[in-house]
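Have a look at the structure below, then the notes.
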Amino acid sequence: MMLNYCIDFHDIFPLLTFEKGEEQKCRDNLQTRGIYLYKQVYSALCNWDVNVKEVPYKRFSNLIRYDKSVRDKLYIYLAAAEEHLRNIIFDALEINAAPNDTINECLDMAALRPRTDADKETESKLYYYSYAKNFDFGFIAQIIKEFKLAQQYGLNYSDIKSIRVLRNKVMHHNMLLLSCFTERSDIERVIAEVESGIEALYRILPTKGLRDGSVKDGEISGGLTQAINKSNYPNGDISNKPYDNVICLHKFANGGFIH
């Protein structure tokens, strides 16, 4: 069933301007994006500069697509970071027994213990508790804190807390860079928080390939750095002219954002 969005764009979005064919595309995308998302993005762009005279549809659409692109790419590297933290737990800790089916079970942190020489390196009962109902990122962070695993494995616990916040923002499928705001000062604060989370994510990722990609035929491929920059720069090369994104992340290099 199609949503009833027979609205007058020129009445609701008076500064939104279209080139040939763009208004119909805007209406088509409204079915998935929704009028309320449109209104937030429109208001944010109107408020970004003083005395905005128009909001070109291309800039409006680019912000929505850019934000989703960043979220989609972050999802990949947040998953890699979570897998790394899980593996740290499996490497450091063990449990004496696990049922055959752990899906409907909850892991009791009190049952965890450090691994000893008596535990076989190639076997882990605890691993199967990763399927337990409560074995989520929050519980992973609690285990790491309780057993002081961050220090043992050369990580900062504050980085784990930061990427947990970033992960929650990404998983909610809302505008990452706007959050619930439309005023520039609020959005700039949100962007700073997101960038801090990405820097923490970079430090948590366990391999250079995940952080910075690999070089093939003289070109960099993959890695968090290129993934972040590729949403705003052709081929992810920050020496290129950026795309027309006025609300976006800064350049990212060597694990930090360049302001």
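Quick notes on this structure:
- Multiplying each eigenvalue of the alpha-carbon gyration tensor of region 1-141 by 5 and taking the square root yields semi-axes of 52, 17, 12 Å, largest first, rounded to whole angstroms.
- 3J(HN,Hα) from dihedral phi, region 242-250, Karplus parametrisation 6.51/-1.76/1.60, rounded to Hz, x for glycine, proline: x, 5, 7, 10, 7, 10, 7, 6, 6
- Listed residues LYS241, LYS68 arranged by accessible area, highest first, probe 1.4 Å: LYS241, LYS68
- Rounded if a/c under 1.5, otherwise prolate or oblate - region 61-205, Cα gyration tensor axes: prolate
- Dipole magnitude (debye, nearest 20) for the chain, charges at Cβ of Lys, Arg, Asp, Glu: 280
- Taking THR116, THR17, THR182 in turn, the Gaussian network model of the chain (Cα-Cα springs below 10 Å) assigns the largest fluctuation to THR116.
- In the chain, inverting the average of 1/r over every pair of distinct C-alpha atoms gives 21.0 Å as the Kirkwood radius.
- Three-way shape call for region 181-254 based on the alpha-carbon gyration tensor, with the a/c threshold at 1.5: oblate
- Annotation: extensible slack from ASP237 through TYR153 equals 27.0 nm (criterion: 0.36 nm per residue apart, minus Cα-Cα distance).
- Packing-based ranking, highest mean first, of 244-257, 75-88 given that Cβ atoms within 10 Å are counted: 75-88, 244-257
- Shape call, region 123-241: gyration tensor on alpha carbons, a/c limit 1.5: oblate
- Gain on full extension, evaluated as 0.36 nm per residue between LYS208 and ASP49 minus their Cα-Cα distance, stands at 53.4 nm.
- Calculated Rg and Dmax of region 139-196 using C-alpha coordinates, Å: 14.3, 43
- Using a cut-off of 28 Å between Cα atoms, the listed pairs LYS68/LYS251; LYS133/LYS251; LYS39/LYS68; LYS161/LYS241; LYS148/LYS251; LYS58/LYS161 include LYS133/LYS251; LYS161/LYS241; LYS148/LYS251; LYS58/LYS161 as exceeding that distance.
The values are calculated or read from the model by the stated rules, or taken from the named source; none is laboratory data. The structure presented is a predicted model; accordingly, all values stated were derived computationally and were not measured. Backbone-built Cβ (ideal geometry, glycine too); neighbour counts: all protein chains shown. Please note that ligands, DNA and RNA were not included when accessible areas were found on the heavy atoms of the full protein model with its side chains. Shrake-Rupley method; radii C 1.70, N 1.55, O 1.52, S 1.80 Å.
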